[in-house]
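Input: a single structure, listed below in structure tokens.
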Amino acid sequence: MKVALLLIAMGFGFKIFAEASTNAKKSIKNLGRLVGAFIMIVALVGTVCKIGWIIKCSNYGKGGSFCPIHEKQGLVGHPDITSLKR
């Protein structure tokens, strides 16, 4: 779901970039291109990170790397708060 939203954001960034490229005013053109490029870059980096996170966590049950989403344990070395007496 989040990957789809990031890809939609990338599309809107491209739309802003393309619309700004056709604008006659140079200042609006440069600002629109800058904003569109920024949105596309942020969405692309977010998409790559999210896909990497999904791949990393998909190997968790197969002897893969640590995945905090599937980790259910509490903090190691800390006592249970409910067992403390006042």
Here the qualifying pairs (Cβ atoms under 7 Å; residues six or more apart or on different chains; first in region 40-58 and aliphatic (A, V, I, L, M); second surrounded by fewer than 16 Cβ atoms within 10 Å (Cβ to Cβ) and in a helix (DSSP H, G or I)) come out as Met40/Phe14; Ile51/Val3
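Residue-by-condition table, conditions (1) touching a Phe, Trp or Tyr at 6+ places or on another chain (Cβ under 7 Å); (2) at pLDDT below 90; (3) assigned to a helix (DSSP H, G or I); (4) not charged (D, E, K, R):
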site: Ala18; (1), (2), (3), (4): no, no, yes, yes
site: Leu44; (1), (2), (3), (4): no, no, yes, yes
site: Lys50; (1), (2), (3), (4): no, yes, yes, no
site: Cys67; (1), (2), (3), (4): yes, yes, no, yes
site: Glu71; (1), (2), (3), (4): no, yes, no, no
Among residues belonging to region 21-42 that are modelled with pLDDT under 90 and small (Gly, Ala, Ser), point out the one that is surrounded by the most Cβ atoms within 10 Å (Cβ to Cβ). Ser21
What is the number of the single condition among (1) assigned to a helix (DSSP H, G or I); (2) of a type in the set (Gly, Ala, Ser); (3) modelled with pLDDT of 70 or more that Gly61 does not meet? (3)
Listed by first then second residue, the pairs whose first member lies in region 1-30 and is closer than 25 Å to Ile51 by Cα, whose partner is assigned to a helix (DSSP H, G or I) and at pLDDT below 85, with beta carbons under 8 Å and at least 6 positions apart or on separate chains, are Val3/Ile54
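The values are calculated or read from the model by the stated rules, or taken from the named source; none is laboratory data. Since we're looking at a predicted model, the values are computed, not measured. Glycine gets a Cβ as well: all are built from the backbone with ideal geometry, and neighbour counts include every protein chain shown.
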